[in-house]
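The values are calculated or read from the model by the stated rules, or taken from the named source; none is laboratory data. No experiment lies behind these values; they were computed from the predicted model shown. With ideal geometry, Cβ positions are generated from the backbone for all residues, glycine too; neighbour counts draw on all protein chains shown. Protein only, heavy atoms only, side chains kept; ligands, DNA and RNA dropped before computing areas. Shrake-Rupley method; radii C 1.70, N 1.55, O 1.52, S 1.80 Å.
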Amino acid sequence: AAQTMEQLVSLCKRRGFIFPGSAVYGGLQGTYDYGPLGVELKNNLKFAWWRANVWEREDMEGIDAAILMNKLTWRYSGHEETFVDPMVDCKNCKMRWRADQISGKCPNCASTELTEPRPFNLMFKTQIGPVPDPESFSYLRPETAQGIFVNFKHVLDSTSRKLPFGIAQIGKAFRNEITPRNFIFRVREFEQMEIEFFVRPGEDEGWHKKWVEDRINWWLSVGLSRENLQPYHQKPEELAHYAKATVDLLYRFPHGLEELEGIANRTDYDLGSHSKDQGSLGLKARVSPNSHSTDKLSYFDPETKQHVVPFVIEPSAGVDRGVLALLSEAYAEEQVKPAPADRLKPVEEALGTFLKSVGRNEKIPAQAKEALIAEGERIAQALGERLPSIAGLLSMPGAESIEVAKKLRGQVDPVVDEFYRTVLHFKPHLAPIKVAVLPLKKNHPEIVSTAKSIRRKLQSTGAMRIVYDDTGAIGKLYRRQDEIGTPFCITVDFDTLGEGKDAALKDTVTVRHRDSMAQERVAISELETYLREKMQ
Ligand code: ATP
């Protein structure tokens, strides 16, 4: 697993998983763009969730609701009034912080002169329509859930579902976070994968428990390890006002153990809040009176011949936090063979010089300096194991302004190339690219055309993303595919053409496995079946 966020940030930028948003204009805080590999990884994660929760269950329907909703939605959901974080200002440096995320001290300038916390609403307000009339506004949705609640009746009527059943949705959400941070962990634009599961009142506690187990098992199925995943039962005083119980699934991210998903028992609060004639519904939750809704969001139970407002169990996961967890879990820097002392020595010296130079530099802000030196010293203490992390160190804020950084990189790169590899050990079904087809020689027309035709043929099955790559020597190509998590490489060589020592190898290729680096020979005609089996 990754030890620091820098390792991931650096790999993601270098290889095209995730870029800082709007970079050519100096960026936009709290936004990130998914690059060529990131979009594949994210799509694979979302599809795995959809398949497990919608296709493979018999009690679920999917929807895709609009991001913009009538502003009354946000009044009656409670967001206008209560979707707030406590904000404080530092009187010294004027920075703003979320009061519950700092401990009485400004993280920027260490001043303890802070204002009293005041509520800050996290919704982005936006004008709707061409006339800037003060009433023509709404908000970008801060969660996808409300799109499900307002469609409860539509789904019920169009599918004839019986309780218990759920509605699932994946989509963008926006929150004007006071302090976005930790890469894609806390951002202002993100995606959620949410389920609202409707059950009979009285059956809610059993279903809540079951969903917690289901969701843990699903995260394990995409490759997270049990020891990095920890359910946390919120204490009564921590619960949101509408929740009867909430279990957070915490994941050990590089920056600490933090929420990946929340699974709440929201009772009949949501459907009740958006209903008309609330007095006739026998609601258990305390809701604000609704004078605008045009429908009763209840369910006619054919068994008891009564109208009930279902209770809701809500497993709500962040896609971006999921991607970050996958990257972190999958990340490894491995020694392929031990680097001899005389090759490590110059790197050690260059690292020492670099850190001294950081220490002396007056232009690097104190916080960045501290972070650089701490990470540099951690690497230095276990240089043999951590040497590839120097690439991450050199991409940290402030590092680029150091003269000797170039020299350090010059010392490190050849040693890394020879003795180490960085690997993303993704489960095959999540890997952005499943197979890379490589020609042993890129200036040999027959090897090249055979490799290209294998790629075309495998790609035409539509089951997976396959690439052709001839931009380096074979060893370098393997390393590059390891670094982006490609589980299989296929190499076409002289044996494939029947021009090697062993004529029996004609029409076979080498399949190289990412994790074990083992190689085996497979007939071209068997490749499709072989790969399909491995991809399960
Ligand atoms: P936090 O306490 O970390 O702010 P939350 O409890 O407000 O999170 P929920 O409202 O429960 O979060 O949202 C459900 C899920 O949406 C979270 O578990 C998380 O995965 C994701 N999520 C929420 N806010 C963000 C954000 N700013 N950036 C990325 N993902 C987020």
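Taking segment 18-41 as the region of interest, how many residues are open to solvent by 50 Å² or more (accessible area, probe 1.4 Å) and part of a helix (DSSP H, G or I)?
The number of residues fulfilling the criteria is 5.
Just to check your reading of the model, which residue among Ser316, Ser328, Ser298 is away from the ligand (no atom under 16 Å from the Cβ) and among the hydroxyl-bearing types (Ser, Thr, Tyr)? Steps first, answer last, please.
On the way: Ser316 fails: away from the ligand (no atom under 16 Å from the Cβ); Ser328 fails: away from the ligand (no atom under 16 Å from the Cβ).
From the options Ser316, Ser328, Ser298, the qualifying one is Ser298.
When the residues of segment 442-498 are filtered to those that are farther than 22 Å from Arg514 by Cα and among the hydrophobic types (A, V, I, L, M, F, W, C), which remaining residue is surrounded by the most Cβ atoms within 10 Å (Cβ to Cβ)?
The residue in question is Ile447.
Determine whether segment 124-136 contains at least one residue that is of a type in the set (Ser, Thr, Tyr) and within 23 Å of Arg266 (Cβ to Cβ). Don't jump to the end; show me each part of the working.
Within segment 124-136, the first condition is being of a type in the set (Ser, Thr, Tyr), and the residues that meet it are 126, 136.
Right, trim to within 23 Å of Arg266 (Cβ to Cβ) and you get none.
Scanning segment 124-136 turns up no residue that is of a type in the set (Ser, Thr, Tyr) and within 23 Å of Arg266 (Cβ to Cβ).
Let me confirm something: among Leu344, Leu355, Leu351, which residue is in contact (Cβ under 8 Å) with a residue 60 or more places away in the chain, aliphatic (A, V, I, L, M) and not in a loop (DSSP other than H, G, I, E, B)? Explain how you work it out, then say what you get.
Details: Leu355 fails: in contact (Cβ under 8 Å) with a residue 60 or more places away in the chain; Leu351 fails: in contact (Cβ under 8 Å) with a residue 60 or more places away in the chain.
Selected residue: Leu344, the only one of Leu344, Leu355, Leu351 that is in contact (Cβ under 8 Å) with a residue 60 or more places away in the chain, aliphatic (A, V, I, L, M) and not in a loop (DSSP other than H, G, I, E, B).
Could you please give the count of residues in segment 287-341 that are open to solvent by 40 Å² or more (accessible area, probe 1.4 Å), outside any strand (DSSP E or B) and modelled with pLDDT under 95?
Count: 9.
Quick check on this structure: which one of Val150, Val155 is β-branched (Val, Ile, Thr) and surrounded by fewer than 20 Cβ atoms within 10 Å (Cβ to Cβ)?
Val155
Residue check: is Val54 open to solvent by less than 50 Å² (accessible area, probe 1.4 Å) and in a strand (DSSP E or B)?
Numbers: open to solvent by less than 50 Å² (accessible area, probe 1.4 Å): yes; in a strand (DSSP E or B): no.
When the stated conditions are applied, Val54 does not pass them.
Suppose the filter is outside the structural domain of Arg479 (by TED's automatic domain parsing), surrounded by fewer than 20 Cβ atoms within 10 Å (Cβ to Cβ), under 27 Å from the mean Cα position of the chain (by Cα) and without any contact (Cβ under 8 Å) to a residue 60 or more places away in the chain; does Gly398 pass it? So that I can check it myself, show each step before the final result.
Working: outside the structural domain of Arg479 (by TED's automatic domain parsing): yes; surrounded by fewer than 20 Cβ atoms within 10 Å (Cβ to Cβ): yes; under 27 Å from the mean Cα position of the chain (by Cα): yes; without any contact (Cβ under 8 Å) to a residue 60 or more places away in the chain: yes.
So Gly398 fits the description; yes.
When the residues of segment 257-286 are filtered to those that are open to solvent by 40 Å² or more (accessible area, probe 1.4 Å) and touching a Ser or Thr at 6+ places or on another chain (Cβ under 7 Å), which remaining residue is nearest to the ligand (Cβ to nearest atom)?
Lys284
Please specify each residue of segment 453-474 satisfying the condition of being of a type in the set (Gly, Ala, Ser) and in contact with an Asp or Glu (Cβ under 9 Å, 6 or more places away or on another chain).
Selection gives Ala463 alone.
Are there strands (runs of 3 or more DSSP E) fully within segment 413-528 with at least 3 residues that are over 30 Å from Gly322 (Cα atoms) and either of a type in the set (Lys, Arg) or modelled with pLDDT of 95 or more (or both)? List them. I'd like the intermediate steps shown before the answer.
Working: elements: 420-424, 435-439, 466-468, 488-492, 508-513, 519-523.
Once the strands (runs of 3 or more DSSP E) in segment 413-528 are filtered for at least 3 residues that are over 30 Å from Gly322 (Cα atoms) and either of a type in the set (Lys, Arg) or modelled with pLDDT of 95 or more (or both), what remains is 508-513, 519-523.
Report every pair of residues separated by at least 6 positions or lying on different chains whose Cβ atoms are under 7 Å apart, first residue within segment 257-271 and assigned by TED's automatic domain parsing to the domain that holds Gly322 and under 15 Å from Ala245 (Cα atoms), second in a helix (DSSP H, G or I) and within 12 Å of the ligand (Cβ to nearest atom).
Correct list of pairs: Glu261/Arg215; Ile263/Arg215.
Quick grid of which residues meet (1) under 21 Å from Pro365 (Cβ atoms); (2) of a type in the set (Val, Ile, Thr):
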residue: Val54; (1), (2): no, yes
residue: Arg57; (1), (2): no, no
residue: Gly62; (1), (2): no, no
residue: Lys71; (1), (2): no, no
residue: Tyr76; (1), (2): no, no
residue: His79; (1), (2): no, no
residue: Phe83; (1), (2): no, no
residue: Cys90; (1), (2): yes, no
residue: Ser103; (1), (2): yes, no
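Of everything in segment 173-227 that's polar (S, T, N, Q) and touching a residue at least 60 places away in the same chain (Cβ under 8 Å), which residue is nearest to the ligand (Cβ to nearest atom)? Lay out the reasoning, then the answer.
Going residue by residue through segment 173-227, those that are polar (S, T, N, Q) are 176, 179, 182, 192, 217, 221, 225.
Filter again for touching a residue at least 60 places away in the same chain (Cβ under 8 Å), leaving 179, 182, 192, 221, 225.
Details: Thr179: 10, Asn182: 9, Gln192: 5, Ser221: 18, Ser225: 18 Å.
Restricting to residues being polar (S, T, N, Q) and touching a residue at least 60 places away in the same chain (Cβ under 8 Å), the top hit is Gln192.
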